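Visitor: Here's a structure for you.
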Protein chains: 2
Amino acid sequence: MKKNISRLDKNLHLITPSQKSDVKWVSPLHPSIRVEGLPWFLKNNGLFNRFPRSVEKMLRPEVWALSECPAGGCITFRSNTTLLRIKIKNKDASHMPHMPLSGSNGVSLFVGENNDLRPWGTAIPDMESSEFEREFFTNIPPEERNYRLYLPLYHPLQSLYIGIAKNSIIKPPFSHAISKPAVFYGTSITQGGCASTPGSDFINTLGRILNIEMINLGFSGNGKGDIEVAKLMAEINAAIYVLDYLANVNNDLLQKTLFPFYSKLRHKHKNTPILLLSSPCFWQVDFNPALLKEQESKRDYLMSFYVEQRKNGDPNIHFADVFDMLAFATENAYVDGVHPTDHGFTIIATRLAPVLKRILFRNITK
Amino acid sequence: MKKNISRLDKNLHLITPSQKSDVKWVSPLHPSIRVEGLPWFLKNNGLFNRFPRSVEKMLRPEVWALSECPAGGCITFRSNTTLLRIKIKNKDASHMPHMPLSGSNGVSLFVGENNDLRPWGTAIPDMESSEFEREFFTNIPPEERNYRLYLPLYHPLQSLYIGIAKNSIIKPPFSHAISKPAVFYGTSITQGGCASTPGSDFINTLGRILNIEMINLGFSGNGKGDIEVAKLMAEINAAIYVLDYLANVNNDLLQKTLFPFYSKLRHKHKNTPILLLSSPCFWQVDFNPALLKEQESKRDYLMSFYVEQRKNGDPNIHFADVFDMLAFATENAYVDGVHPTDHGFTIIATRLAPVLKRILFRNITK
């Protein structure tokens, strides 16, 4: 193991807490704990997979493999615990050079009341080990609070246990602004690449702003409009379906897949809003005219598709122009010009929030 | 080597370009290339170290080791090249779980005219190799542009060569708003932990906003007010000295070191602005009253020190309250509650920019 610079800085050391007899370990299958963003979690007997175990053979192998990453999943509960730990088993310690282990393989903690969930910390894995235990806090007053733990964005989580004070209780968490979830389909950007923490991708950030359950069906490099995914999405009774897969298809494949994908959802859900998103504007557009042309042509097609469906009498199809939200030449917005940083994700979430409010939360609708 | 998820997503593959006969490799010691942020670069014969080679034995070993990371260093030039590559040799491929290889060991490219430098991309290292070659672009029109390559924030760079088109020329880059640099002294946050790219820490971002050369003397975990560092800083003829080391000292050490550090600078530079910065407000403050007390007590001392020096007749000492700039409970601002993400860094840079403008760039000063 090569020594990294954190040996020189104690603030960057990761600490495995010593064993304590007053910690009670709880499974996410606890009846008062709600696991959000993983609609088949109970059906899968506690497997952290974004799809039901039964569909493995129906999907392209890449989509299935990526569905094993619990992107957008979170564990929520209410408790009067005075300490909080987690114990994690990941598949291994693999990660990417674009994204820190903290974001791909770690867990974020947010705590607070309705519409005021605050960031309390991140459980960051060790560089070389697939298993780790972290203590978020200890010795706080035994008052009831809401807890939300966001799960790894880019790694197949194998098991997770929550450590609370032995004498504390667990209750169901607060309820959301609406009971149905928002379901996003898309790419690596949708999945959360390359957020620094699992709580800072645009979907989880948007979920906190709006107080909605989010379901993240982003598949890194594999948002190719697979009809099997549309079929699975249609099984979810959603508040809104968001299609965000332009970055993973060329214009031909977009034109081939968009109508069938849309129809599969619309057929089963006559009036549910379907929101089409253009891609963020990539840095390379400033010097690569062919890329601009490609981004524009897919965006043009998406807009024409939107206009056509409106004309055909679908008032519940919507379009939002992420291309000019995470806009041309935005500094610090990407790791590599394509995959947003926490800054890029915060911009997308902040600018998409009013779009979802307009569609879902107008005060007067008739 | 464990396989990471980028095997499933071609957009996350890193490409080593094939050899081309029309590439000319240029050293940063080229007479028309300006290396900024590393004031002893020429004296060190092209070593990417933030301090002169001769002072190694004078410094604490941790400070010396960290000075080998070229944080805040950048290579700037003007060229009509039609392609750009870099060839890098790092010490090894070590990195931290809080910070992607792209930020700690990579190189960022910005291109454009005065006050409009735009992000064009990042050279991201391979996971397992200390050497890498990347192509930022090829086949653009042969027009003159300014180029800026930001160097690794958290890794000792061993060598770097710039590949341009064989028939292209290199000229000195555009000049800055002022000829003297801004010199920052501080901690891991100052050094750039945990930015996703070398261009997105707050110092490099601020340098672009203000068009000033920045010198980054942040030393991860080791901004302990070392008087030897003050001595070296005083050798630099600066536009402003910024002291930003509260996060690495307790109140005792702050009180012991601040006056000698300040005096060392003030003695040699009677009228140069000295700016004192409080630390960002850490996430843990929401649930750890002892940490709040510690952050407040050091900030209180800093403010009292500022007031005292003003009373003693120093009109060129300044204070800026980063504590309420990267403020309480800001979402997506940190990796771990302490080390900013690109979002946190962008907030600091954006809010510090008017402070530096007020001190350095008022239109009417008398």
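Visitor: From the list B:P260, B:P273, B:P280, which residue is free of Cβ contacts under 8 Å to residues at least 40 places away in the same chain and in the same structural domain as B:D226 (by TED's automatic domain parsing)? Let's see the steps before the verdict.
Guide: Values: B:P273 fails: free of Cβ contacts under 8 Å to residues at least 40 places away in the same chain; B:P280 fails: free of Cβ contacts under 8 Å to residues at least 40 places away in the same chain.
After ruling out the rest, the residue left standing is B:P260.
Visitor: State which residue is nearest to B:P119 (Cα to Cα) when the search covers only segment A:262-314 and only residues that are aromatic (F, W, Y) and within 14 Å of chain B (Cβ to nearest Cβ).
Guide: First, pick out the residues of segment A:262-314 that are aromatic (F, W, Y): A:262, A:282-283, A:287, A:301, A:305-306.
Then drop every residue that is not within 14 Å of chain B (Cβ to nearest Cβ), which leaves A:282-283, A:287.
Details: A:F282: 10, A:W283: 6, A:F287: 10 Å.
If we take residues in segment A:262-314 being aromatic (F, W, Y) and within 14 Å of chain B (Cβ to nearest Cβ), then A:W283 is nearest to B:P119 (Cα to Cα).
Visitor: I'm told A:T346 meets every condition in (1) polar (S, T, N, Q); (2) surrounded by 22 or more Cβ atoms within 10 Å (Cβ to Cβ); (3) not in a helix (DSSP H, G or I) except one. Can you identify the failing condition by its number?
Guide: (3)
Visitor: Kindly indicate which of A:S32, A:S67 is touching a strand residue (DSSP E or B) at 6+ places or on another chain (Cβ under 6 Å), small (G, A, S) and either at pLDDT 95 or above or at positive phi (or both). Can you show your working first?
Guide: On the way: A:S67 fails: touching a strand residue (DSSP E or B) at 6+ places or on another chain (Cβ under 6 Å).
The conditions single out A:S32.
Visitor: Does B:R299 qualify as being within 13 Å of B:L246 (Cα to Cα) and either out of contact with any Asp or Glu (no Cβ under 6 Å at 6 or more places or on another chain) or surrounded by 14 or more Cβ atoms within 10 Å (Cβ to Cβ) (or both)? If you could, list the steps in order and put the result at the bottom.
Guide: Details: within 13 Å of B:L246 (Cα to Cα): yes; either out of contact with any Asp or Glu (no Cβ under 6 Å at 6 or more places or on another chain) or surrounded by 14 or more Cβ atoms within 10 Å (Cβ to Cβ) (or both): yes.
Yes, satisfied.
Visitor: Those residues that are within 17 Å of B:Q284 (Cβ to Cβ) and basic (K, R), I need them from segment A:64-119; list them, please.
Guide: Within segment A:64-119, A:R85, A:R118 qualify.
Visitor: Next question. Consider A:P173 against the criteria (1) surrounded by fewer than 24 Cβ atoms within 10 Å (Cβ to Cβ); (2) within 18 Å of the chain's Cα centre (by Cα): it satisfies all of them except one. Which criterion is unmet?
Guide: Every condition holds for A:P173 apart from (2).
Visitor: A:I236 - would you say it is part of a helix (DSSP H, G or I), assigned by TED's automatic domain parsing to the domain that holds A:A353 and not polar (S, T, N, Q)? Talk me through it step by step, then tell me what you get.
Guide: Details: part of a helix (DSSP H, G or I): no; assigned by TED's automatic domain parsing to the domain that holds A:A353: yes; not polar (S, T, N, Q): yes.
No.
Visitor: Related question: How many of the residues making up segment A:2-50 are in contact (Cβ under 8 Å) with a residue 12 or more places away in the chain, within 23 Å of A:E135 (Cα to Cα) and touching a Gly at 6+ places or on another chain (Cβ under 6 Å)?
Guide: So the count comes out to 3.
Visitor: Report, ordered by the first and then the second residue, all pairs with beta carbons closer than 8 Å, sequence separation of six or more or different chains, a first member in segment A:158-174 that is outside the structural domain of A:C69 (by TED's automatic domain parsing) and within 17 Å of A:V35 (Cα to Cα), and a second member that is acidic (D, E) and surrounded by 15 or more Cβ atoms within 10 Å (Cβ to Cβ).
Guide: Qualifying pairs under 8 Å: none.
Visitor: In this structure, is B:V229 free of Cβ contacts under 8 Å to residues at least 60 places away in the same chain, buried (at least 22 other Cβ atoms within 10 Å of the Cβ) and away from chain A (no Cβ under 14 Å)?
Guide: Details: free of Cβ contacts under 8 Å to residues at least 60 places away in the same chain: no; buried (at least 22 other Cβ atoms within 10 Å of the Cβ): yes; away from chain A (no Cβ under 14 Å): yes.
Against the criterion (free of Cβ contacts under 8 Å to residues at least 60 places away in the same chain, buried (at least 22 other Cβ atoms within 10 Å of the Cβ) and away from chain A (no Cβ under 14 Å)), B:V229 does not qualify.
Visitor: Further, regarding this structure: Taking B:R134 as the residue in question, decide whether it is surrounded by 22 or more Cβ atoms within 10 Å (Cβ to Cβ) and more than 9 Å from every other protein chain (Cβ to nearest Cβ).
Guide: When the stated conditions are applied, B:R134 passes them.
Visitor: Output the number of residues of segment B:315-343 satisfying the condition of being part of a helix (DSSP H, G or I) and either within 8 Å of chain A (Cβ to nearest Cβ) or surrounded by fewer than 17 Cβ atoms within 10 Å (Cβ to Cβ) (or both). Spell out how you get there, then give the answer.
Guide: So in segment B:315-343, the residues part of a helix (DSSP H, G or I) come out as B:322-324, B:342-343.
From what is left, the residues that are either within 8 Å of chain A (Cβ to nearest Cβ) or surrounded by fewer than 17 Cβ atoms within 10 Å (Cβ to Cβ) (or both) are B:324, B:342-343.
Selection size over segment B:315-343: 3.
Visitor: Would you mind stating whether A:G199 is within 14 Å of chain B (Cβ to nearest Cβ) and part of a loop (DSSP other than H, G, I, E, B)?
Guide: On the way: within 14 Å of chain B (Cβ to nearest Cβ): yes; part of a loop (DSSP other than H, G, I, E, B): yes.
It is true that A:G199 is within 14 Å of chain B (Cβ to nearest Cβ) and part of a loop (DSSP other than H, G, I, E, B).
Visitor: I would also like to ask the following. Working carefully through the options A:A177, A:A165, A:A182, A:A123, find the one that is more than 8 Å from every other protein chain (Cβ to nearest Cβ), in contact with a Leu (Cβ under 6 Å, 6 or more places away or on another chain) and of a type outside the set (V, I, T). Break it down into steps so the answer makes sense when it comes.
Guide: On the way: A:A177 fails: in contact with a Leu (Cβ under 6 Å, 6 or more places away or on another chain); A:A182 fails: in contact with a Leu (Cβ under 6 Å, 6 or more places away or on another chain); A:A123 fails: in contact with a Leu (Cβ under 6 Å, 6 or more places away or on another chain).
Residue meeting the stated conditions: A:A165.
Visitor: While we're here: Among the residues in segment A:164-186, are any assigned to a strand (DSSP E or B), β-branched (V, I, T) and farther than 25 Å from A:K43 by Cα? Working first, answer last.
Guide: The first filter runs over segment A:164-186 and keeps only residues assigned to a strand (DSSP E or B), leaving A:164-165, A:170-171, A:182-186.
This time we only want the ones that are β-branched (V, I, T), so: A:164, A:170, A:183.
Now drop any that are not farther than 25 Å from A:K43 by Cα, which leaves A:164.
Yes.
Visitor: Looking at (1) surrounded by fewer than 24 Cβ atoms within 10 Å (Cβ to Cβ); (2) over 17 Å from A:L352 (Cα atoms), which is the only condition A:I212 fails?
Guide: Condition (2) is where A:I212 drops out.
The values are calculated or read from the model by the stated rules, or taken from the named source; none is laboratory data. Keep in mind that this is a model prediction, so the values were computed, not measured. A quick note on method: Cβ atoms are made from the backbone with ideal geometry, for glycine too, and the neighbour counts reach across all protein chains shown.
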